[in-house]
Structures are given as structure tokens and as C-alpha cells.
Amino acid sequence: MALLDPVLLKSRLGLLAGRFDVDALDECDSTNSELMRRAESGAPSGTVIVADRQTAGRGRRGRSWLSAPESSLTFSLLWRFSGPLARLSGLSLAVGVGLASGLESLGAQGVWLKWPNDVLLRDGEGYAKLAGILIELSSDRRGTQAIIGIGLNLSPPTGDLPQPAAGLSQVLSAVPERYVVLAAILQELHRVLETFAVDGFFGLKTEWQQRHAWQGDSVQILGEDAAPLVGRCLGADDDGALLLETASGIERIFSGDVSVRPAGNTLGVHPA
């Protein structure tokens, strides 16, 4: 499969073509790592790295992310914000909104979000992971930079997987060319990132709640070294913290190093 063509991508982006500087690579260690190196050398906000293959792709909690050009779209976007890191609370949720709405603009239905950074498709009685988001933040004299990494399955992955996985082909009769998919996502990411820069996650909270897979459901929060915390999921607050209504009151969950699952599910049937 040929590399994604930035010229075709720019034609699809229309008026936003000048906002993004896209470089398509045959292979790199990870798009986040490559973009971080370029950011340190002064790459502008809006720089995008797309890679057909990653030799050391990274996901949340140290997991690897596999990619192949015929079955996935893997890219990273650099975005700079003014102000301190603390202003970016809830950014991963905002990016999820942009990613989901971009896929919906292509005709995908049944796209759901899972706190803090997964995009899901309904799979029978549960959900399967369609895409993942990995954001890495740092500050310098210019403000705060976010390296936003996204891995999207175009086709369902095969093999021994740690959790159920889905592909865009399951909800579209024909998956568009990758540059079309990327353009749709970038257009919506531009919208949500511009909103986030002004209003924070508060400006996107309603959109996120509407797509939240377990809004109002009983769930359990699983931490690495803690007993499960069970309650009713109330969604997210204005800062992006997960709200859990428990017998002792409402708990705010901040750490991304937890797993959210339906109450009573200890077998990992749903995504971790």
C-alpha cells in the first residue's frame, strides 16, 4: 500500500489545509516519539506525523500498539497551548470527542467513549476497542505542548489480543482511503482543540457525556494496588475527572492508571 499522500489530504482539508503540516513516513519507532523529537527542534503547532508501521508503538499504561497500513491509521499531532499544564485537565476526553465526531462524519454509527482515552464500538453485550489515544505533555517558554497520538483500527485486529478489538470496517460498508479518514479526524480535532483552548473540557463535556459508554451505569473502578471501587458512573466533571456515586458519597477519579468495567465483571470481557 502506498504512503498516505499529503497533497490529497490537503485538498480534503480545504480551508484548514494551512493549519496542518503533515509528514507521512514508511516506518518509525513511534509517531509520538518522532514528533516529540521534532517538537524539541521547533516544529510548529499543527505538525502531524503519520506512519505506516511503528517498531515501538506505545499505548496507555506501557502497552504496545501494533500498526499496519492496510488495517490501521496511526498518527500523532502536535498542538501548543498557552498557560500551564494544569489548564489541560481533561484533554484526552476532548480529543476523544474529536476522534468520535470525525468518524461519525464519515457515517460511522455506534461510536462510544470510555474514560479516559478509548473509543469503542458495541460488540454484542459489551464493547470492543476501536481506537486509543496517548497524550504526552510538556512545558517550555512557549507554553505547554501536547503530543496527541492516535491509533485507529480500520479492520478488526487478529491474533491473541488482551481485550476485544473492533475495526471501522464493521460500521462502514466501505472504509474510505486513509487520507479521507485522517482529514475527517483532523477537521474535528481542530474544532475541539480550539474550543478546549478557550473553555477547557467544560466546553465539550456535553458532547462527551452523550457518547459515554457507561453513563449512569453501575461500574467498578479497578486500580493496580487497591480494592475495586463500585458505584454508579455519573460521567465526568468540568475538569475531566470521572465521577462515581458510591455508598459513601461521590468520588472523583483522577488517575488514568485505573480500569473502568461494568459492576460484577471481573473476567475482562469489556475493555480495560
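The values are calculated or read from the model by the stated rules, or taken from the named source; none is laboratory data. This structure is a prediction, so every number in the text was calculated from the model and none was measured. As a convention, Cβ positions derive from the backbone with ideal geometry for all residues, glycine included, and neighbour counts pool all protein chains shown.
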Exercise for review: Examine the range 158-166 for a residue that is closer than 24 Å to Leu77 by Cβ and hydroxyl-bearing (Ser, Thr, Tyr), and state whether such a residue exists.
Suggested key: no
Check your understanding: What residue, among those in the range 200-241 that are aliphatic (A, V, I, L, M), exposed (fewer than 15 other Cβ atoms within 10 Å of the Cβ) and touching a strand residue (DSSP E or B) at 6+ places or on another chain (Cβ under 9 Å), is modelled with the highest pLDDT?
Key -> Val230
Exercise for review: Go through the range 139-155 and give me each residue that's under 22 Å from Ser72 (Cα atoms) and buried (at least 19 other Cβ atoms within 10 Å of the Cβ).
Suggested key: Ile147, Ile148, Gly149, Ile150, Gly151, Leu152, Asn153, Leu154
**Study point:** Of all residues making up the range 249-268, the number that are part of a loop (DSSP other than H, G, I, E, B) and at pLDDT below 70
**Key:** 7
Review point. Restricting attention to the range 79-115, and to residues there that are of a type in the set (Gly, Ala, Ser), touching a Ser or Thr at 6+ places or on another chain (Cβ under 9 Å) and outside any helix (DSSP H, G or I), which single residue is modelled with the highest pLDDT?
Key: Gly107
Review point. When both residues are 6+ apart or on different chains and their Cβ atoms are under 8 Å apart, which pairs have a first residue that lies in the range 118-135 and is under 27 Å from Asn32 (Cα atoms) and hydroxyl-bearing (Ser, Thr, Tyr), and a second that is at pLDDT below 95 and assigned to a loop (DSSP other than H, G, I, E, B)?
Key: Tyr127/Pro164; Tyr127/Ala213; Tyr127/His270; Tyr127/Pro271
Exercise for review: Taking Ala174 as the residue in question, decide whether it is in the same structural domain as Arg53 (by TED's automatic domain parsing) and either free of Cβ contacts under 8 Å to residues at least 12 places away in the same chain or within 24 Å of Thr74 (Cα to Cα) (or both).
Suggested key: yes
Practice item. Give Ala227, Ala241 a once-over and let me know the one that is farther than 26 Å from Arg87 by Cβ, among the aliphatic types (A, V, I, L, M) and not assigned by TED's automatic domain parsing to the domain that holds Trp112. Key: Ala227
